[in-house]
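All remarks here apply to the structure that follows.
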Amino acid sequence: MLIKLGQKFTDGFTKYMPSAYVFALILTLLTGIFALLFTESKPIQVLEGWYNGFWDLLSFGMQIVLIIITAYCIAQSPLVKKGIDQLSKWINTPTQVYLIIIALGSLLSLISFGMVVVTAILGRELALRIKGIHYPFLVACVYFSFNGWVCGLSSSIALLLNTENNFLIESGVLNDTISTGYSLGSSLNLAMIVLFVVVAPILIWLLIPKSFEGKELKDLQTSLDDKESSVKAEALSYKLPFKAVSDALNNAGWLQISVALLGVIYIVYHFATKGFDLNFNIMIFIFLIVGMLLHMTPMRYSIAMKRASSNISGILFQYPFYAGIMGIMMASGLGEKISNVLVSIATPESYAFISYLTGGVINFAIPSAGGEFAVIGPSIINMVQELGANLSPTEVTAMIARASMSVAYGESLSNLLQPFFLLIVFPVMGKGIKIQARDVIGYLFIPFVVLFVIQSLMVSYVPL
């Protein structure tokens, strides 16, 4: 019954859901119309907010891009590729592929949401080697597996709260940073990790399509050339047929390793002096240094970076449109008005669920946890501070962390129906085939409903 129901939803999404770019254009128009209808903003204010929004999050957008390409560089390293080859020897059936992709992808996502690229590479490699895999469903599994990133080391809201001089502190909403011990180390977050790593694979197992006819990778390929030379082989191809100083420098492992070791020294110093202090900048720096160590030479790392950069073209031109939508919501006050309406009905018992629901709703207009929190974060935090007026500072801090993480959980879950982050998966898994968001999202509707119910109960009742 679940499989048949899932297929009906898939057919519906295939028929009605547009591409991620069209989705962004439609949301831009709808947000502008709602801003005019439900706020006192004039058309020119909305238009200015849209234009200004394009550029307001460039630094944040660059951080997102760097996390993705540095993680992708790691995924292209010989060590990771060797690991994929070894793992594939132990996998023989499509069911094993789906379950391992979900479980392993969930674990990798705890390192960084950019590590979904590793999961995508593994998924495609397994689809090339094992018969009977329903490829669009496998793409859905890969996309679903990264949903748990919000619980891990690259959780943007948790890192934002723990970043010095963040916009919440500068605006006076918060007096000080909030340690990741209150957010990532909370009992609620640990329970969420169990949900993604243990429960999610069981849910996917119940939804595996019975038929794969016409849906295997070989059936969808428009090009039979799926081979790409290794990074090492491409680096060798650039060498001149005679000895040259330029080649010696381009392939000087000692040079790159020396710089990378300086980076390792700073990373050790950072955690030794600041404790478990994780933020965007240190995470990007760690991935950058690890990639340098794994690729050994400047030429190899440059090639890996070049290949990784081709993976983010969709984000580069679509992200500004979503930032523009955020600009409309901020300039018109629409985002604050929506969050204030929800906040107005919050109680000490329901504030976490209200935060969770707000995060899920706003994510359709702003599919970025950090960007979304810039819009609704102040309202959410003010709500908690008012509710906790008679509590100790420690209790209020824990409540703020819980509400903020609830926003993150809601934002992350609604990504299952919001195709923006498929832009990270498609360049790997969609290479040489015809596939769009509408071919994938339908398989995620039932998981979305099930996880919505479970997470709603968790954010409401799991103890602080």
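The values are calculated or read from the model by the stated rules, or taken from the named source; none is laboratory data. Keep in mind the model is a prediction, meaning the values are calculated, not measured. Neighbour counts are summed over all protein chains in view; Cβ atoms, including those assigned to glycine, are modelled from backbone coordinates with ideal geometry. Only protein heavy atoms, including side chains, enter the accessible area calculation; ligands, DNA and RNA are left aside. Shrake-Rupley method; radii C 1.70, N 1.55, O 1.52, S 1.80 Å.
Peptides 233-241, 73-81, 419-427 ranked from most to least packed, by the mean per-residue count of other Cβ atoms within 10 Å: 419-427, 73-81, 233-241.
Looking at the chain, the accessible area is 44 square angstrom per residue; that uses a 1.4 Å probe and ignores ligands, DNA and RNA. When only Cα pairs below 8 angstrom with a gap of at least 6 residues are kept, the stretch 324-464 shows a relative contact order of 29 percent.
Pairs of Cα atoms in the stretch 335-464 fall into 10 Å distance bins, from 0 up to the last occupied one, in shares of 13, 39, 29, 13, 5, 1, 0 percent. When +1 charges are put on Lys and Arg Cβ atoms and -1 charges on Asp and Glu Cβ atoms, the dipole computed for the chain relative to its Cα centre reaches about 1660 debye. Pairs of Cα atoms nearer than 8 Å and 6+ residues apart set the relative contact order; for the chain it is 29 percent.
Separation of the alpha carbons by more than 23 angstrom is noted, of Lys215/Lys431; Lys215/Lys306; Lys82/Lys243; Lys232/Lys431; Lys15/Lys337; Lys218/Lys306, for Lys215/Lys306; Lys82/Lys243; Lys15/Lys337; Lys218/Lys306. Once the Cα atoms of helix 116-129 and of the chain are each reduced to a long axis, what angle between those two axes, in degrees from 0 to 90 to the nearest 10, is obtained? The angle comes out at about 50 degrees. With K and R counted +1 and D and E -1, the other residues having a Cβ less than 13 Å from that of Val173 yield a net charge of -4. Helix 20-38 against the longest principal axis of the chain: what's the angle in degrees, Cα atoms only, rounded to the nearest 10? Roughly 10 degrees between the two axes. Share of pairwise Cα-Cα distances greater than 11 Å in the stretch 400-444 is 70 percent (whole percent).
Rounded to two decimals, the Cα radius of gyration of the stretch 306-409 over 2.2 N^0.38 Å is 1.22. Annotation: the chain has a Kirkwood hydrodynamic radius of 23.2 angstrom, from the mean reciprocal C-alpha pair distance.
A simple packing score, the average count of other Cβ atoms within 10 Å per residue, orders the peptides 180-191, 433-444, 108-119 as 108-119, 433-444, 180-191, with the highest score first. Of the peptides 95-106, 160-171, 396-407, the order by per-residue mean of other Cβ atoms within 10 Å, starting with the highest, comes out as 396-407, 95-106, 160-171. The gain in end-to-end length when the Leu391 to Leu206 segment is fully stretched comes to 62.1 nm, 0.36 nm per residue minus the alpha carbon separation. Separation of the stretch 232-304 and the stretch 180-198, taken as the distance between their Cα centroids, equals 32 angstrom. Here the Kirkwood formula puts the hydrodynamic radius of the stretch 35-161 at 16.8 Å, using every distinct Cα pair.
Between Lys81 and Glu234, the modelled labels are 1.0 nm apart [label points 7 Å from Cα along Cα→Cβ].
Binned at 10 Å from 0, what are the whole-percent values of the Cα-Cα distance distribution for the stretch 153-251, short to long? Final binned percentages: 11, 17, 13, 19, 26, 14, 0.
I'd like the orientation of helix 78-88 relative to the chain: the angle between its Cα long axis and the longest Cα principal axis, in ° from 0 to 90, rounded to 10. Taking Cα atoms only, the helix is inclined about 90 degrees.
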